Each structure stands twice: as structure tokens, then as C-alpha cells.
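Here is the structure we will look at, set down as C-alpha cells.
The values are calculated or read from the model by the stated rules, or taken from the named source; none is laboratory data. No experiment lies behind these values; they were computed from the predicted model shown. All Cβ positions, glycine included, derive from the backbone under ideal geometry; neighbour counts span all protein chains shown.
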């Protein structure tokens, strides 16, 4: 890790921080109810649509039996809570939602060329099944 970052550089980056909302969706006990596949498809359609509209800045489905996904929304926390309360999976009791205030930095992005991510120790690893 590069330790050559100065206090001034940290302050410059911190000054660009913008308020956002971080959403965590967790699987609920009713995840596998009748009609769950159709409900989840509508959830996915809605999330991808919000991403296309710029409401969701980062969308990350999580490969887990407990966490369904996380997203960073370009909304105030109260607006994000209201928006996510209307999610089809949340309304059906398939997912629970937690919305937290967070800060983001303009220009941060997931590199488009990620195929085989590298761990901090330099070893190559894969995210999820292929």
C-alpha cells in the first residue's frame, strides 16, 4: 500500500465528498414464497431502471444466502428510504432494507476492465461463480 499520501491530499479529496445513501438489501424468511421468481424479476427490472436513470450510482448484487445486494443511491436518506419501501421484494416480504447515509467522491467508479480481480496481496481471484 502506498503510504506517500499527504495530509493535504487527504483534505483535498475529503473536500469533494458528496452526500449519498447506501442501501443494503437482505434476504428475509419469505424469500422463497409462491411467485418469488416473478417478484424478484420485477425487483431486478426496477433496480436496473433506476441505475439507467442515474438514481443508483453503483449497483452490486451480492452472492450470499443472507445479503441480496448493496447499492449507492444519489438521493438523500429519506428519499432513498421512501424509494426502497416500494421495491417489489421489500413489499412482498422477500427482502428487508437498510438505508445509511454515506459520502462519495466524484469520479469514483468500478473499472470497466475488471474480469479477474486482484486481491490486496496481488493474487488473482474471481468474484462469484462463472
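Residues checked against (1) under 23 Å from the mean Cα position of the chain (by Cα); (2) in contact (Cβ under 8 Å) with a residue 24 or more places away in the chain:
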{"residue": "7", "(1), (2)": "no, no"}
{"residue": "10", "(1), (2)": "no, no"}
{"residue": "13", "(1), (2)": "yes, yes"}
{"residue": "20", "(1), (2)": "yes, yes"}
{"residue": "33", "(1), (2)": "no, yes"}
{"residue": "49", "(1), (2)": "yes, no"}
{"residue": "52", "(1), (2)": "yes, no"}
{"residue": "55", "(1), (2)": "yes, yes"}
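Counting only residues that are surrounded by 13 or more Cβ atoms within 10 Å (Cβ to Cβ) and either part of a helix (DSSP H, G or I) or touching a residue at least 24 places away in the same chain (Cβ under 8 Å) (or both), the stretch 57-70 holds 6 of them.
Among the residues of the stretch 79-96, is there at least one that is at pLDDT 95 or above, at positive phi and surrounded by 12 or more Cβ atoms within 10 Å (Cβ to Cβ)? Full working, then the answer.
So in the stretch 79-96, the residues at pLDDT 95 or above come out as 79-96.
Next, only the ones that are at positive phi stay: 93.
Next, only the ones that are surrounded by 12 or more Cβ atoms within 10 Å (Cβ to Cβ) stay: 93.
Yes, the stretch 79-96 has at least one match.
Does residue 73 satisfy the condition of being modelled with pLDDT of 95 or more, closer than 17 Å to residue 105 by Cβ, touching a helix residue (DSSP H, G or I) at 6+ places or on another chain (Cβ under 8 Å) and surrounded by 11 or more Cβ atoms within 10 Å (Cβ to Cβ)? Yes.
Looking at the stretch 17-42, which of its residues are closer than 27 Å to residue 103 by Cβ and surrounded by 15 or more Cβ atoms within 10 Å (Cβ to Cβ)?
Of all residues in the stretch 17-42, those closer than 27 Å to residue 103 by Cβ come to 17-26.
Answer for the stretch 17-42, where residues must be closer than 27 Å to residue 103 by Cβ and surrounded by 15 or more Cβ atoms within 10 Å (Cβ to Cβ): 20, 21, 22, 23, 24, 25, 26.
For the stretch 1-31, enumerate the residues that are assigned to a helix (DSSP H, G or I) and within 20 Å of residue 70 (Cα to Cα). Correct list: 29, 30, 31.
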